[in-house]
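What follows is a set of notes on a single structure, which appears directly below.
No value in this document is a laboratory result; all are computed from the given coordinates. On a predicted model such as this, the values are computed, not experimentally measured, just so you know. Note that we place each Cβ from the backbone using ideal geometry, even for glycine, and neighbour counts take in every protein chain shown.
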Amino acid sequence: MAPDLQRVLREIEDRYRPLGEGLPSVAYIYEAGLQGECLYVSPSIERVLGFTREEWMASHSMWDRSVHPDDFVRVTTAEAECARSGEKLVQEYRLRTADDRWIWIRDEMTVVRGPGDHLDPLFYGVFHDVTDRKGLEEELERLALYDPLTGLANRGLFADRLRHALGRRAPTSVTAVYFVDLDRFKRINDSLGHAAGDEVLQEVARRLQGALRPGDTVARFGGDEFTILCEDVGGVFEAVSVADRLQGPISEPITVGGAELRLSASIGFALADAGEQADGQRLIEDADAAMYRAKKRGGARAELFDQAMRERAVEAMTVEQELQRGLERGELRLYYQPLVDLGTGRVLGAEALLRWEHPERGLLAPSAFLEVADESGLIVDIGAWAVGEACARLRDWRRRDAPSDLRLSVNLGARELTHPDAVPTVLRAVRSSGIDPSSLCIEVTESTAMADRASGFRALRELSAAGIRVAIDDFGTGYSSLDHLRRMPADVLKIDRSFVQGIAQDTSDTALVAAALALGRALGMEVVAEGIETEQQASWLRELACPIGQGHLFARALPTEELDGLLDAGVRL
């Protein structure tokens, strides 16, 4: 062997000897020419790859046959550039072992001119077995990009794939994004447990993947929400057919823990047409908005996003921002509609109704902002403010020697009632104001109480136990059974205005009101008739022995000072 080559080998051995014999490292030197003759390989190659050094050095093609086919072009191209430039090369690729496994190696290579009669350059260096590290990196990448429960892409990877898909669209290509939300999934978690819920999500993930093309992307967006990316969709009709195709496998029975479940989903989808400038995040938001419309329309259906929805979404965002500022600036008001003893006309109290004194649009009714407040979550803060304001009004009445039995009702929606801080917030307001708890009545609709029966009933029971009255509002329009009504901790039954409106003309409405009154009496509940607008309606209700009413016949919702004046004057309505 030429003296220069011996010197190089000694340098290699000296450099890597401190690594220790136990480390999976292999030192080598070989020609960079077409033949690629191996001139030296350290004995540790047998420990790393399973080949003896004699086997490795005897075959010029051993290295070529050992590099993974997917890595071969990349590796050889890099080595050719290294031989040309003379710069050090570090790269990672896979090698086949003697027992036909693939391992990852990190190859650190330097090129020198061949000593003596070696006209081609020589590569020398060392490679290390980094299979364990690569496995860890792949696991970390999987955790960063994939949902651990379902194995689907997560929202980060989905957004990245959507961005690339929009960037490479052909001139005639249409891209579709679907937002899938399982209907009433929370009931599965509440009734069967979260482990059963996880099983359902895993099965739904498999079914969604099975219903789509191999190149489509399904991601778990969070909770029971999934997003789907379909490239090169053939227009609106094909996009609709994809949505219909997704409903089929979702609706097939799923057996979990011995229980057969039938699911449905609300699906929204949005399209990026060929040639249209599209933003991935906006496309996802559009599909999400369409999904919410599907859910509001009863679920188990698909909706396509349109421009009108975009305009409503922009308007809702504006309302949300202004409402947040209005809450901070004290623009919200409570107006009060009196509750009247139908026999004597005496004012027994009032129902507190929310208004927004908008600096530009004037006094706004709840219909202009309450839906946005609920969807944004602002309703929780607004509800807390309303309860505090109502308790302060009751305290003021007590200080002004108003009748001691006056009561005030405040409405709470489903989001407010089931919020973890709902009961503590009401109890704090009652304690800090020093009012009699029975003078405050919390009104909830049937549908509100039933939206999350476990937490809703629990909150109502805790309020009732503290002495606060509970009213079931809009009775007759919800879906609670008589058994649920019997179990509901309620003191007051409010007959919905839709039945009161027809009491003088429709015999069925009259019969329903009479039945509600009888039911209330049987359950020991006070009954209030809402929406009384005519003396004829009031007269019929008196004949049916309805004790309390409210409506425009007696008074519209009044600002604080007008209600106080009415109470001070002892007016009978």
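Students often forget the sequence filter, so: which lysines lie under 23 Å Cα-Cα from LYS134 once same-chain residues fewer than 8 apart are removed?
LYS88
Give the longest segment of the chain that steers clear of GluC sites (Glu not before Pro) in DSSP loops with at most 15 neighbouring Cβ atoms within 10 Å, not counting the sites themselves.
With GluC sites (Glu not before Pro) excluded where exposed in loops, the chain gives 88-275 as its longest stretch.
Please report, for the Cα atoms of region 224-358, the Rg to one decimal and the Dmax as a whole number; what are they, in angstrom?
22.8, 72
To the nearest 10 degrees, how steep is helix 3-16 against the longest Cα principal axis of the chain, on a 0 to 90 scale?
30
May I ask you to derive the relative contact order of the chain, considering only C-alpha pairs under 8 Å and at least 6 residues apart, and to give it as an integer percent?
Worked out over the chain, it gives 8 percent.
Percent relative contact order of region 146-305, based on C-alpha pairs within less than 8 angstrom and at least six residues apart?
30
Which one, (1) 39.1; (2) 29.5; (3) 32.7, gives mean projected area of the Cα convex hull in nm² as derived from the coordinates shown?
Answer by label: (1).
May I ask for the longest run of the chain untouched by trypsin sites (Lys or Arg not before Pro) that are loop-located per DSSP and have at most 16 neighbouring C-beta atoms (other than their own) within 10 Å?
401-555
Taking every DSSP beta bridge that has both residues in the chain, what percent is antiparallel when rounded to the nearest 5?
Bridges in the chain are about 70 percent antiparallel.
Enter the Cα centre distance for the pair region 189-217 and region 418-477, rounded to the nearest angstrom.
When both Cα centres are located, 36 Å separates them.
To the nearest 20 Debye, how big is the dipole of region 316-569 about its Cα centre, given +1 on the beta carbon of each Lys and Arg and -1 on that of each Asp and Glu?
760
In debye, nearest 20: dipole of the chain around its Cα centre with unit charges on the Cβ of K, R (+) and D, E (-)?
So the dipole magnitude of the chain works out to roughly 1400 debye.
Could you tell me how many degrees, from 0 to 90 and to the nearest 10, lie between the Cα long axis of helix 194-210 and the main elongation axis, the longest principal axis, of the Cα atoms of the chain?
60
If one takes the longest principal axis of the Cα atoms in the chain, at what angle in degrees, from 0 to 90 and to the nearest 10, does the Cα axis of helix 131-145 lie?
Helix 131-145 and the main axis of the chain meet at about 20 degrees.
Do you know the relative contact order of region 316-569, to the nearest whole percent, from alpha carbon pairs under 8 angstrom that are 6+ apart?
19
What's the magnitude of the charge dipole for region 146-305 around its Cα centre, counting Lys and Arg as +1 and Asp and Glu as -1 at the beta-carbon? Answer in Debye, nearest 20. Please list the in-between numbers first.
Details: 20 positive and 24 negative charges, 31 e Å.
For this selection, approximately 140 debye.
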